[in-house]
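To start, the structure itself, in structure tokens.
A short reminder: the numbers here are calculations on the coordinates, not readings from a lab. If you're wondering where the values come from, they're calculated on a predicted model, not measured in any experiment. With ideal geometry, Cβ positions are generated from the backbone for all residues, glycine too; neighbour counts draw on all protein chains shown.
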Amino acid sequence: MACGHSAEPDAFTAGAKAAGDAVRGRPDAKLLIVFCSAAYELDHLLDGIASEAPGTPLIGCSTAGEIATAGPADASVVVVVLGGPGFSVATGAGTDADGGLRRATTEAVEACMGSLERRAHSVVLLLTDGLGGDQMEVVRGAYAVVGAEIPLVGGCAGDDLRMKSTFQLFGSQALRDSVVAAAVSSDAPIGIGVQHGWRRVGQPMLVTGSDGSTVHSLDDQPALDVYLRRLGAPAAAHTDSDAFTRFALTHPLGISHRSGEEVRFVAGADFADRSLACIASVPQGGLAWIMEGDEDSVLEATDGACAEAVAGLRGEPPLGMVAFDCIARRGVLGDPGIRREINRIAAFAGDAPVAGFYTYGEIARTTGIRGFHNQTLVVLALA
């Protein structure tokens, strides 16, 4: 595993530099994973990458910030390369224009698994449109193909918090409303770590009205009104959609399940019908809490996720680590804090490269059928 990074403003130049740094001296590249700002002309960016690694399978997505070994960044591109005789790789893509996220994911994962040369350890990496509907459908679609045998990992593409449209990258194409996947099979172990660092605040609320990822009422009152009142939200968040998104970024909902607790990113609000829009489904009849975190709790979760991932390598040193880190955690940490966080991830990686991006949601399924997360750090470690 190797990583290249560029913040050059010209898309072709940035793609060529990042890809060149990643693949230089490595003629056996088998997969490129690209994380980039949506501000780039993505066709030109992909042309630049292809100029340095022609014909190498590629998946990727736009982001809400990029992560490289040197630290966090914005308005840049990160290229990760996997290669060598110990890896087998296959890629696939699916669009949800006709059949929804589940069908798109099934299509992408079936394409991967149909041509993958299986080795001792495998994982399916998924990159999806976080604004495209209930992201649990992504996990369900992948699970329908691989079952419990193969873990899932990945994240939802971002658009620098504009919350308008994200991109998924596949080969030479920049796609929308899609799921891209790479199945990676390795002779050496693969580790996955998952932690969020949020805690409950106040009394629980009953979800009395919801439809998929839209929450209409909490405790039989308009969900938006309850949410704003409980948090003492600033005046701008009551009327301005951008102000609401920035405020909600660090105030997720916690959803209680029999198997544990999941966190839901509150991505927006409808000021007309007073509802909340989340990234994944919020079941009607369940209990919900307002959640909050601080730098200490978030960084403690960082250490926990990294330790879990490294433990999965069974004593082998990391070849590299890929981080799928929710943009909300970045909101809690601030610029100095995210540098400290990446330094902590790098400490667990040792001399190995670190790469990743700030997401609108995270995927990690290692046990059971659940596997979509919000406001969480997911770490993939390869040996």
- Message: Could you derive backbone 3J(HN,Hα) for segment 124-136 from the dihedral phi with the Karplus parameters 6.51, -1.76 and 1.60 (θ = phi - 60°), listing whole Hz in sequence and x where the residue is Gly or Pro?
- Response: 10, 9, 10, 10, 9, 7, x, 9, x, x, 5, 6, 4
- Task: Could you run the Karplus curve 6.51 cos²θ - 1.76 cosθ + 1.60 with θ = phi - 60° over segment 297-308 and give me ³J(HN,Hα) per residue in whole Hz, x for Gly and Pro?
- Result: 5, 5, 6, 4, 5, 4, 4, x, 5, 5, 4, 4
- Query: By how many degrees, between 0 and 90 and to the nearest 10, does the Cα long axis of helix 100-115 differ from the longest principal axis of the chain?
  - Reply: 20
- So the FRET efficiency between ASP43 and SER115, C-beta based with R0 = 35 Å and rounded to 0.05, is 0.85
- segment 82-226: relative contact order as a whole-number percent, Cα under 8 Å and 6+ apart: 29
- Message: Can you find, among PHE271, ALA248, SER217, the residue sitting farthest towards the positive end of the charge dipole of segment 199-291, where Lys and Arg contribute +1 and Asp and Glu -1 at Cβ?
- Response: ALA248
- Query: What number comes out for the charge environment of VAL194, summing +1 per Lys or Arg and -1 per Asp or Glu over other residues with Cβ under 9 Å away?
  - Reply: -2
- Message: Given the DSSP H assignment, sum -39500 (n - 2.57) over each helix run of at least 4 residues in the chain and divide by its residue total; what's the result at 222 nm in deg cm²/dmol, nearest 500?
- Response: -9000 deg cm²/dmol
- Query: Once you mark the trypsin sites (Lys or Arg not before Pro) that are in a DSSP loop and have at most 10 other Cβ atoms within 10 Å, what is the longest gap between them in the chain?
  - Reply: 1-163
- P(r) of the chain in 10 Å steps, Cα pairs, percent per bin? 6, 26, 35, 24, 8, 1, 0
- Computed about the Cα centre, the charge dipole of segment 199-291 from +1 Lys/Arg and -1 Asp/Glu charges at the Cβ has a magnitude in debye, to the nearest 20, of 360
- Using label points projected 7 Å from each Cα along Cα→Cβ, tell me how many nm separate ALA7 and ARG246, to one decimal. 2.1
- Going by average Cβ neighbours within 10 Å, how do the peptides 46-59, 183-196 rank, with the highest at the top? 183-196, 46-59
- segment 199-291: relative contact order as a whole-number percent, Cα under 8 Å and 6+ apart: 41
- Message: I need the phi-derived Karplus couplings for segment 345-360: 6.51 cos²θ - 1.76 cosθ + 1.60, θ = phi - 60°, integer Hz, Gly and Pro marked x.
- Response: 4, 4, 5, 5, 6, x, 8, 7, x, 10, 8, x, 7, 8, 10, 9
- Gain in span if fully extended, ASP219 to ASP21, counting 0.36 nm per residue against the direct Cα distance: 65.9 nm
